[in-house]
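**Student:** Before I ask anything, let me first share the structure, which is written out below as structure tokens.
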Amino acid sequence: MTSLDTSAKRGDASDGGGALGARLSRLDGPAKITGRATYAIEHPVEGLAYAVTVQSTIAAGRIGSIDVTAAEDSPGVLLVLTHDNALPLHGASSWLGAPAAAPHYHPLARDITFNGQHVAAVIAETFEQATAAAALIDVAYEEAPAVTGLDDPRAGDGMPLPPMTAEWGDAAAAFAAAPIRIEAEYRTPREYNVPIEPHGLIARWDENGLTVWEPSQWIDGMARTYAEWFGLPFDKVRLVSPYIGGGFGSKALAYAHGAIAVMAAKMLGRPVRLAVTRPQTFTAYGGRPATRQTLSLGADRTGKLVAIIQRGANETAVDGVSVEPLGAVTTIMYATPNLSSRQNVVPVNTVLPGPLRAPGENPSAFGLESAIDELSYAAGIDPLEIRLINYAERDQQAGKPWSTRRLREAYAAGAEAFGWSKRTAAPRSMRDGRQLIGWGVAAGTYPVRRTAGEALVRILADGTVEVLSSGTDMGTGTYTILAQTAADAVGVPVEQVRVRLGSSELPRAPVSGGSQFANLITGAVHKAALAARDDLIGLAINDAASPFRALQANTLIIANGRIASPRQGGPDLAIADLMARLGRDKVEALRDTLAENHTAEDRRYDNFTTVATMRAPTDGEFSMHSWCAHFVEVRVDEDFGTVRVSRMVSAFDSGRLYNPKLAESQWKGGIIMGIGQALLEEGLVDARHGRVINNNLGDYLVPTNADIPDIQVISVGLPDLHASALGGKAVGELGIVGVAPAIANAVFHATGKRVRDLPITFEKLM
């Protein structure tokens, strides 16, 4: 169980306060920068054995034979695992709560569906011994033809996804009749999560069941999967994740390497540590799949849209379906009387793709925001003005009003801060010596998702407050905002709040993903903290030992850690003194964010360990989303074609900000990832064998400090109480949406050359 003592780690609150809404520095910061924060596989466990996995070297076929004799005879080797001697595991339900697709789960493959699939594992006394022995395993394959990507001639058009279809009006006829039309294909490549902390875990079995130390964005969901794989009751799995060194969507689920480590620990009767190597992180789980989409936009002479037609596809695995919803932004961003959006998935020999920051919204915005920019040039209208002309006053697809949509305000604030009015319209019309200067704009959006969670708040005998949740802090500031929430609700200084996160023994929490976690868990903590506060006040007015006995509840206040009657001369005690008089060691309350009409059966653990209770952004009377507008300046070297982002201003509507400093950090993090997506990131696949060939941080390029300009972020949001209990909307995933098209649009303005397939590299401009 992880505890963070905030009393010694307050940091700087620039506005002098610690309650919700203050710019408090991260309370976990000092532990991380001084090395006191213990990450999952750093946990000290006695008697560790070390596991190393072996991956397939073909993309399709089957194992003909596998010779492990030399590996088994190597020094220090304790066990060699293959499909043939692996423990039988049960199939597990999906993250959506659907029953297992198959009765059994095989983390070590015999039939090969992608290059890099786990086929064997060596467990030895040391990591070095396991690595050396793994190199001795001889695998003979019966290779079959593979489909290695969207452009493979064998890939075809894929399979249609009817749930991804959106249609209204007659888009084809309206487009054909439109006086202004553009049509183009937009592409994004495979992208990978590449967190600085690679995946890994320590697994230990004992008389109490299974303990797993593993970085996790969803402790309860992953614990459920391990319980189902190994036929355990949920409460016999303890998953611990005190800190996470980045995940970006990749650490929300249990994967094959986790099953292998837990299996090995069970077979050996001793704890096993398995750390995924950097190259293995490109195939141990999936990142964003490659996408393509064709957009046809028709407008009248004033620039007003009359039709949007989209046809999209993303690659998926041959043995599973993963969807990158390419209509996510297309269907809601702009008003149009006619729209048709359809999508296919194309099976290829790859690991099943997975979520990477803003899945769906990110590539959807790249296509739409590039296309609307092209339409602006075709119509001779400023790119910002055409967005305002086509502003959507309501969600046409859902037929509902927005809960809040301050996108106009984002456009205005961003344009003013950026100086957009000084832009000259013609491409290649702005320069500084041999540098071509381009200015671009794009918008973004992210939905408000809501999954139930719970929290426990305790007021302790010493007057401090304890917050307990199985939720995690990925570096987003969960420790800090929960301390602020509880301090605000109970009425104590934030340094008197201790937050305990990161263990499945604690109250249930939803996945930290989909930009929902902060809104939901602060709602649960606020609810529990108010209940604990009310219980304390109830004791104060009813207990015979209390100096407040016989007063009315509404005459007592709790502030700055003291409980008092506002009447002149009335009692005024520190909470600790009152607790001592009452003889109480704690007052606590457990509350959840399920609807009040839910039953006790609805509050079972399994209703918190899938997203089966997730409410859609259009569930209710309103359509709920966050919004943003990005303004970017690029400088393109006229001789060499190199592109540098030199300035960015982005304005956001994320509703109420629980901690502006942390929200701004999240927005900037998303923007930085968007810069990497636009200019650097691209998974390269060898078409002969389906192997990722740039599977390291030397060849798979991500942005460094030298690539990032000054970034100004502006909040235009107002509290949205339809979206969450405390008025916040999506923050973390929003920042990346729209960055890549803003850069691509700026590059066109600088050079006159439109790049429609990411990343934008110099050879595409020369």
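**Student:** Restricting the search to region 645-684, which residues are assigned to a strand (DSSP E or B), of a type in the set (A, V, I, L, M) and buried (at least 24 other Cβ atoms within 10 Å of the Cβ)?
**Tutor:** Of everything in region 645-684, those that are assigned to a strand (DSSP E or B), of a type in the set (A, V, I, L, M) and buried (at least 24 other Cβ atoms within 10 Å of the Cβ) turn out to be Val645, Met648, Ala651.
**Student:** Restricting to region 592-627, and then to whatever is in a strand (DSSP E or B) and out of contact with any Pro (no Cβ under 9 Å at 6 or more places or on another chain), can you tell me which residue is modelled with the lowest pLDDT?
**Tutor:** Ranking the candidates gives Arg615 first.
**Student:** Another question, then. Filter region 265-291 down to the residues that are of a type in the set (A, V, I, L, M) and touching a Lys or Arg at 6+ places or on another chain (Cβ under 9 Å), then identify the one that is surrounded by the fewest Cβ atoms within 10 Å (Cβ to Cβ).
**Tutor:** Here is the first cut: in region 265-291, the ones of a type in the set (A, V, I, L, M) are 265, 267-268, 272, 274-276, 284, 290.
From the residues that got through so far, the ones that are touching a Lys or Arg at 6+ places or on another chain (Cβ under 9 Å) too are 265, 272, 290.
Details: Ala265: 26, Val272: 28, Ala290: 24.
My answer is Ala290.
**Student:** Still on this structure, please answer the following. Looking at this structure, is Gly249 small (Gly, Ala, Ser), over 30 Å from Ala379 (Cβ atoms) and either assigned to a strand (DSSP E or B) or more than 15 Å from the chain's Cα centre (by Cα) (or both)?
**Tutor:** no
**Student:** Okay, next question. When you check Ile693 against the structure, is it free of Cβ contacts under 8 Å to residues at least 60 places away in the same chain, hydrophobic (A, V, I, L, M, F, W, C) and either within 30 Å of Gln280 (Cα to Cα) or touching a Cys at 6+ places or on another chain (Cβ under 9 Å) (or both), yes or no?
**Tutor:** It is true that Ile693 is free of Cβ contacts under 8 Å to residues at least 60 places away in the same chain, hydrophobic (A, V, I, L, M, F, W, C) and either within 30 Å of Gln280 (Cα to Cα) or touching a Cys at 6+ places or on another chain (Cβ under 9 Å) (or both).
**Student:** If I ask for residues that are assigned to a loop (DSSP other than H, G, I, E, B), farther than 17 Å from Ser93 by Cβ, modelled with pLDDT of 95 or more and not charged (D, E, K, R), which ones from region 209-242 would you list?
**Tutor:** Pro215, Ser216, Gln217, Ser241
**Student:** Determine whether region 139-153 contains at least one residue that is assigned to a loop (DSSP other than H, G, I, E, B) and farther than 30 Å from Ala687 by Cα.
**Tutor:** No, region 139-153 has no match at all.
**Student:** Then there's this: Can you confirm whether Tyr411 is among the hydroxyl-bearing types (Ser, Thr, Tyr), crowded, with 20+ Cβ neighbours inside 10 Å and at negative phi?
**Tutor:** In short, yes.
**Student:** Oh, and also: Please indicate, with yes or no, whether at least one residue in region 327-338 is farther than 29 Å from Ala629 by Cα and assigned to a loop (DSSP other than H, G, I, E, B).
**Tutor:** First, pick out the residues of region 327-338 that are farther than 29 Å from Ala629 by Cα: none.
The answer is no, given that none of the residues of region 327-338 is farther than 29 Å from Ala629 by Cα and assigned to a loop (DSSP other than H, G, I, E, B).
**Student:** Next up: So is Gly245 out of contact with any helix residue (DSSP H, G or I) (no Cβ under 6 Å at 6 or more places or on another chain) and closer than 20 Å to Gly502 by Cβ or not? Even if it seems obvious, please write down each step before you answer.
**Tutor:** Values: out of contact with any helix residue (DSSP H, G or I) (no Cβ under 6 Å at 6 or more places or on another chain): yes; closer than 20 Å to Gly502 by Cβ: yes.
So Gly245 passes the test.
**Student:** Still on this structure, I have one more. What's the total number of residues in region 112-127 that are hydrophobic (A, V, I, L, M, F, W, C), farther than 14 Å from Asn85 by Cα and under 30 Å from the mean Cα position of the chain (by Cα)?
**Tutor:** 2
**Student:** Can I ask one more? Residue check, Thr404 against (1) hydroxyl-bearing (Ser, Thr, Tyr); (2) surrounded by 21 or more Cβ atoms within 10 Å (Cβ to Cβ); (3) assigned to a helix (DSSP H, G or I), all met but one. Which one?
**Tutor:** Only one criterion in (1) hydroxyl-bearing (Ser, Thr, Tyr); (2) surrounded by 21 or more Cβ atoms within 10 Å (Cβ to Cβ); (3) assigned to a helix (DSSP H, G or I) is unmet by Thr404, namely (3).
**Student:** Among the residues of region 62-73, is any within 25 Å of Arg270 (Cα to Cα), hydrophobic (A, V, I, L, M, F, W, C) and surrounded by fewer than 17 Cβ atoms within 10 Å (Cβ to Cβ)?
**Tutor:** yes
The values are calculated or read from the model by the stated rules, or taken from the named source; none is laboratory data. Since we're looking at a predicted model, the values are computed, not measured. Heads up, the Cβs are rebuilt from the backbone with ideal geometry, glycines too, and the neighbour counts pull from every protein chain shown.
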